[in-house]
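**Student:** The structure is given below, and queries will be raised subsequently.
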Amino acid sequence: MIARSPADGQGTDVGEPWQRAMRTVIGDVDELLAVLGLARRDVDIDDAQAFALRVPRAFVARMQPGRADDPLLRQVLPLRAERLPLPGFSCDPLAEAQAVRQPALLHKFHGRVLLIVSGHCPIHCRYCFRRHFPYAAVRPARAEWEQVFACIAGDHSISEVILSGGDPLSLPDRQLQWLIGRLAAIPQLRRLRLHSRLPVLIPARVTSRLVRLLGDCPLPASLVIHANHAQELDEQVAAALAPLRRAGVTLLNQSVLLAGVNDRLDALCALSERLFAIGVLPYYLHLLDRVAGAGHFAVPAERCHELYAGLLARLPGYLVPRVVREVPQASSKVPLQLALAVAG
Ligand SMILES: *Cc1c(COP(=O)(O)O)cnc(C)c1O
Ligand code: SF4
């Protein structure tokens, strides 16, 4: 039992290696460039971004030194290109503000609700669709968590709860245990899901306690990780995911189609192949959300279609992610429609 609400802080296990890794992320552009052997003249840095640089060292270790165009570096480097105002790019592109039913509870799609259990992320992805999300405003206090549980329990159409954020695995295991225990006690729930980038960012986050927690959970658990490029998935990530898979956790991946990161057919195929090799199936490939500051990652529509058709032509169906975009009032993520040429 924890003394404070999950969003409140560190609990008692402050000293685990992954928590130290969370506190020692790189937040200084010059330090990052020095580690990678790059100079300021190699990149067009914007030092005045409110959404500042933040990247875990374990992730930086997978970047190629001396490469300003490294696909991992591009995901985190604050560039002046983010200042370009683009028509249609806004602070809340998914109109999530309208879907907030309780503090921290988003209900947009039938049967599943999404809980923002932590506003914290050890990385700042430049394309993050929640980069302007008012986390402080939705951070529930203890009594409000009770309302969230009551709200879920009172709606029998809900069968799945998704823990999201921020990153839900930035919570200590004890707090997750409390949260998951409370959710597992809600009779109509049939599935638990976590959307987390932490197993990729800081593989040490997958502690044996977390593996037991998810493996022994009365609700079958799935974990949707987030990797955009095969280079993110090194042997440490593979080793962290293996025990989760053995414990019966369903492993899926979601990624975002990003110009200069993974907008080539070879890169997308390599990502799917690498995911399969480490026991993860591709789930979604999201088209970029039109969030202010991320316009330089946009891939033209024809190119998106071409890449999707290319994936279908190259990979078995189960290694082709569903290519989707978010449409604010839609009842699901909306699949990209392809008019494929049919022979004969
Ligand atoms: C993406 C999302 C989900 C999950 O959708 P699935 O298609 O089940 O993966 C649920 N709720 C919200 C608000 C979402 O944005
Ligand atoms: S890991 Fe996800 S929530 Fe965190 S900054 Fe990246 S895109 Fe946003």
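**Student:** Confirm whether ARG112 is more than 16 Å from ligand 2 (Cβ to nearest atom) and either buried (at least 21 other Cβ atoms within 10 Å of the Cβ) or modelled with pLDDT under 90 (or both).
**Tutor:** No; evaluated as a whole, the condition is false for this residue.
**Student:** Determine if segment 205-226 includes at least one residue that is farther than 28 Å from ASP173 by Cα and in contact (Cβ under 8 Å) with a residue 60 or more places away in the chain.
**Tutor:** No.
**Student:** Let me ask something additional. Which condition breaks for ILE123 when tested against (1) open to solvent by 10 Å² or more (accessible area, probe 1.4 Å); (2) within 12 Å of ligand 2 (Cβ to nearest atom)?
**Tutor:** Going through (1) open to solvent by 10 Å² or more (accessible area, probe 1.4 Å); (2) within 12 Å of ligand 2 (Cβ to nearest atom) one by one, ILE123 breaks only (1).
**Student:** A further question follows. Confirm whether ALA221 is at pLDDT 95 or above and more than 16 Å from ligand 2 (Cβ to nearest atom).
**Tutor:** Against the criterion (at pLDDT 95 or above and more than 16 Å from ligand 2 (Cβ to nearest atom)), ALA221 qualifies.
**Student:** Can you give me the number of residues within segment 88-121 that are within 16 Å of LEU179 (Cα to Cα) and either in a loop (DSSP other than H, G, I, E, B) or within 8 Å of ligand 1 (Cβ to nearest atom) (or both)?
**Tutor:** Qualifying residue count for the region: 5.
**Student:** What about VAL200, is it of a type in the set (Val, Ile, Thr), within 16 Å of ligand 2 (Cβ to nearest atom) and touching an Asp or Glu at 6+ places or on another chain (Cβ under 8 Å)?
**Tutor:** Considered against the rule, which asks whether it is of a type in the set (Val, Ile, Thr), within 16 Å of ligand 2 (Cβ to nearest atom) and touching an Asp or Glu at 6+ places or on another chain (Cβ under 8 Å), VAL200 comes out as yes.
**Student:** Can you tell me which residue among LEU210, LEU275 is touching an Asp or Glu at 6+ places or on another chain (Cβ under 8 Å), assigned to a helix (DSSP H, G or I) and surrounded by 21 or more Cβ atoms within 10 Å (Cβ to Cβ)?
**Tutor:** The conditions single out LEU210.
**Student:** Let me ask another. Take the residues in segment 155-180 that are touching a Ser or Thr at 6+ places or on another chain (Cβ under 7 Å) and under 20 Å from ARG197 (Cβ atoms); name whichever of them is farthest from ligand 2 (Cβ to nearest atom).
**Tutor:** Here the residue is ASP173.
**Student:** Taking the conditions exactly as written (out of contact with any helix residue (DSSP H, G or I) (no Cβ under 9 Å at 6 or more places or on another chain), modelled with pLDDT under 95 and open to solvent by 30 Å² or more (accessible area, probe 1.4 Å)), does ALA50 satisfy them or not?
**Tutor:** yes
**Student:** Which residues, counting only those in segment 142-164, are touching a helix residue (DSSP H, G or I) at 6+ places or on another chain (Cβ under 8 Å) and not in a helix (DSSP H, G or I)?
**Tutor:** ILE158, VAL161, LEU163
The values are calculated or read from the model by the stated rules, or taken from the named source; none is laboratory data. For clarity, every value in this text was computed on a predicted model and none was experimentally measured. Here Cβ is always computed from backbone atoms with ideal geometry, including for glycine, and neighbour counts include all displayed protein chains. The accessibility values were calculated without ligands, DNA or RNA, using every heavy atom of the protein model including side chains. Shrake-Rupley method; radii C 1.70, N 1.55, O 1.52, S 1.80 Å.
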